[in-house]
Structures are given as structure tokens and as C-alpha cells.
Amino acid sequence: MTAEKPVPAGGQPPRRGEQAKFVTGSTMRHVVVMTATGSIGLVAVFIVDALNLFYISLLGQQELAAAIGYAGTLLFFSTSIAIGLSIAATALTARALGRGNRAEAREIAGASIVYMIILMTSTVALTYPFLGDLVLMMGAKGETAKLATEFMQIVLPSLPVLGIGMCLSALLRAVGDAKRAMYVTLGAGALTAVLDPVFIFGLDLGIHGAAIATVISRFALVGIGLYSLLRIHNLVAMPSATIIRREIRPFLAIGLPALMTQIATPVGNTFVTTTMAEHGDAAVAGWAVVGRLIPVAFGALFALSGAVGPILGQNYGAKRYDRLISTMRDSLVFISIYTLVTWAVLALFRNQIADIFGASGEAREVIVFFCLFVAGSFLFNGMLFVANAAFNNLGYALYSTVFNWSRSTLGVIPFVWLGSLWYGAQGALAGYGLGAVVFGLASIIVCFRVIAKIEDRDGGGPDEPVVHTPPAGQSAFTSGKASTL
């Protein structure tokens, strides 16, 4: 007769495969499986985004493509907020599962969704009245500015829906269900792929049809995510007022720095967009294509940053410090191989890629230059992505904020400005790539130093989310030690 497995603290037995999935087995296998499944769903969304731009380009108006570029930059801001808050949900839920406390994980998951709704709704209320001004500030003019503003006026109100969907997908990754986390984004992407041509061409709504299709697809994220979490995993519990008050501090301790980390990237991209605008709509249209090409080509690196989070979180909760190091090393191997192969493919097919989008003149030159030279810089961007994921899940969220903002300001503004001044639009793009080198290397070095010190650290153990800041007079670049707030 087989002895029954003990019920862990928290009162509910885990369902098979749902609890502490990442504290055993090959870390490389976990990294590859989580990244591969995450990539499929994520790249599907980005491919649909690129198709969106492709459909718009078929309308034959360069102003429409430029408008999508400006709107895409603003959407990147709002989406980054949702990503940052989802990181907090992943980290806290994964830690609770790593400790074997599934009941607590359910409560944290429910509270995380509540926080997401409140914060995303507030973002819409604060941003919506100023959409026109924001588009003008980015350098859009005339009809291009009008179209970009109208696109955002349709899409922005659905931001809370997007936030909930992203949070649900993050919670599925936290529990280790990479397959269903993939289904969330894959399903929404498939729906958009079907609706885009219907609304853009079939109903003759043009850019406004693309916006409507985007909104509808966001509801698919929520539907698929809720089914998986409630019916398959039973991971979400309706939080009481007490739970909501109790969890807000640890959630914000991770979420706010992670949010600030995510916002840094669109800040840098906005500067690039504004600089490109100085060279005309053709340069902005080329940058818009590059902006869609990056997540499609390097979607696995974006997925990797989300994949290693729950792996690190569960092992941190279980105090398996040796597996933290092996997870990071395996991630770097993956980044190196993937980036070099992708760069080679982009360089080989650079002209065909430009042809797909019907790019000519300055726009074509920007696209070809990215494929041939700048794409290689994502080796260092990948290092930064995975280091940030580690900082966010190991209690050093402010470190990720420091590195990402440094990359998006010191690693973008002077490089892009000088590149633009000396070599035009292509020079600006070259500067965007070069800035990643220094901060990618620095972040990964500091990350390994931080992990090496966690096991020996007195206090601030893995059971409670903590935020570390460098001691007075030191920066995150010079010290792996930190004080607890």
C-alpha cells in the first residue's frame, strides 16, 4: 500500500505538476521548454502586430504607416506598465508555490488581478486626455498626428483588459504551465490575424479597423487565461479586503521598480522615434518596421526573461541557491546561440524583408541596416533582459530599474544623438545598438555577484519579498551587497 503524500502548509494538496515544478530536474530543460512555449505565443502576437503594419502599408499611404509607428511607441509605454505589474504577480506566486503553500499562492494571485485592474484603469484615466499632446511631442505632424491620436483613442481604454490578460498569463508561468500560458497569447494573436483584414479591408475601416481588431483580441486573452487558471489549476481565489491590504506592500515593492524598469525601454524608443522624425516620415516608417521586426525576430529573448522568472522564484522560495546559478548560466548559453543564428538569418534576407513591407528610399535603408548590423546587439540586450528578470525575482528589483534606465538613457540618448548628427537615420539606429553593449555586460556581471551573496546573506531570506538598494555612496555597479528597505 502506497503512503499518501503529505498535504503542505496551506491546507490544499497540489494538483499534479502544479507545485514547485522547477525545484527539480534539469534547469536547461526548464529554460528551453518555458522559453520555447513562451516564444510561440509571444511571437504570434508580434507577428500579428507586424501583419497589422503590413496590411496598413497595402493602403499605399506613408502617413498611415508612420501613424502606426507613433501609436506603437505609446502602446509600448502602456503595455510596459502591465508587464511590470505582472512580474510582481509572478514573483510572489512562484515563491509561495516554492515554499509549498498553495493556499497563499491562490490568494496572492487573486489580489494581483485586483491591483492590476485598479492601476491600469488609473493609467487610462491619467493618459487619455493628453493623447493628442503626446503624439505631437513625439514629432508627429498633420494627418499623421491625427491618425495616430485616433488609433490610440480607440485602443487605450482597453488597457485594463490587456493588463488582466497579461497577469493571467504570468500566473500560469508562475505555476509552471508553459503550454497554457502560450495558449493565452496564441489565441489572442490568432483572433487578431483573422479580424485585421476583415476590419481593415472588408469593412473599409483602415487604421481604425486595425485598432478595433486589437481591442477585441484583448478580451480573448482574459477568456483563455481565466479558464486555465480557474478550471484547470484552481489557482485564483477571491481575495478578502484583509488580503488585499496585506499583499499590497510586497506587491508594490516588486511591481513599482519592475514597472519603472519596463517604462525605461519605451522612453529610449521614444527618443529614437523623435530623432527619426527629424529625418522625415520615411525614416519613421522604417523605424516602425524595425520596431515590429525586433519582437518577431528576437521574441525568444523577450520570452526568456519571462520564462526564467518563475524558475528562479520557485527555487528562491525553496532555497535551492545552486539552481539559481545554473539557471542563469543556461540562459546565457541560450541567448548566445539564438542571437547569432537569428542575426545571420536577418542579414541573409535583409532585402526580402524590406520588400515584404514595400519599403523604399530612407525607410528601406533603415530596415536593411538594422538587419545587417544592429541586430547583433541583441546578444547584449538578452543579457540585460535575463539579469533584470533575476533581480526582480530575487528581491533586487531596484537593480533592474537602475540598469534598464541607464541603458535607455545613457545607453541611448548620447549614442543616438551623435549617430543621427554624424550619419543620419542609420547612424541613429547604430547608436541604439551600441548602447546595449556596456549595460548588457555590466548587468550580467552584477547579477552573478548578487546570486553568489544571497546564500550567505543574514536576514531578508526568501520567505518575504524584499527590495535592496545599494549602500550609501555605492552604486549597483560596484557592490553586490545591499541593505533592506
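Only the coordinates and a few stated rules stand behind these numbers; no lab work does. Predicted, not measured: the structure shown is a model, and the values here were computed from it. As a convention, Cβ positions derive from the backbone with ideal geometry for all residues, glycine included, and neighbour counts pool all protein chains shown.
As a proxy for reagent exposure, D177, D204 were ordered by neighbouring Cβ count within 10 angstrom, fewest first; the result is D204, D177.
Normalising the average separation of contacting C-alpha pairs (under 8 angstrom, six or more residues apart) by the number of residues puts the relative contact order of the chain at 22 percent. For the chain, the longest principal axis of the C-alpha atoms and the axis of helix 62-98 are separated by about 0°.
Could you work out how far helix 378-393 tilts from the main Cα principal axis of the chain, as a 0 to 90 degree angle to the nearest 10? Here the helix axis deviates by roughly 40 degrees. Using C-alpha pairs below 8 Å separated by at least 6 residues, the relative contact order for segment 149-225 is 46 percent. Using a cut-off of under 17 Å, list every residue of segment 398-431 whose amide N is near the label point 7 Å from the Cα of K141 along the Cα-to-beta-carbon line. Taking a point 7 Å out along Cα→Cβ of K141, the residues of segment 398-431 whose backbone N falls under 17 Å are 425. Kindly state, to the nearest 0.05, the FRET efficiency for I232 paired with A36, given R0 = 25 Å and r defined as their beta-carbon distance. The formula returns an efficiency of 0.80 here. The angle between the Cα long axis of helix 413-454 and the longest principal axis of the Cα atoms of the chain comes to about 10 degrees, rounded to the nearest 10. What is the calculated FRET efficiency for T409 to V438, with r their C-beta to C-beta distance and R₀ = 22 Å, to the nearest 0.05? Step by step, r from the Cβ atoms, then E = 0.95. Take the Cα of L372, step 7 Å toward its Cβ, do the same at R329, and the gap between the two points is 4.0 nm.
Packing around the peptides 148-156, 114-122, taken as the average count of other Cβ atoms within 10 Å per residue, puts them in this order, highest first: 148-156, 114-122. A Cβ-based charge dipole, computed about the Cα centre of the chain with Lys and Arg at +1 and Asp and Glu at -1, lands at about 1580 debye. Among S326, S331, S217, S336, the ranking by other beta carbons within 10 Å of each residue's beta carbon, starting with the fewest, stands as S336, S326, S217, S331. Ordering of 395-407, 273-285, 246-258 by packing is 395-407, 273-285, 246-258, highest average first (other Cβ atoms within 10 Å, averaged per residue).
Here r is the Cβ-Cβ distance between L205 and D133 and R0 is 22 Å; the resulting FRET efficiency, rounded to 0.05, is 0.30. For the pair T121 and S240, the difference between a 0.36 nm per residue extended length and the Cα-Cα distance amounts to 40.8 nm. Considering only V23, L171, G309, the residue lying farthest towards the positive end of the dipole of the chain is V23, judged by Cα position with unit charges set on Cβ. In this rough spin-label picture, where each label sits 7 Å from Cα along the Cβ direction, the W417-A190 distance is 4.8 nm.
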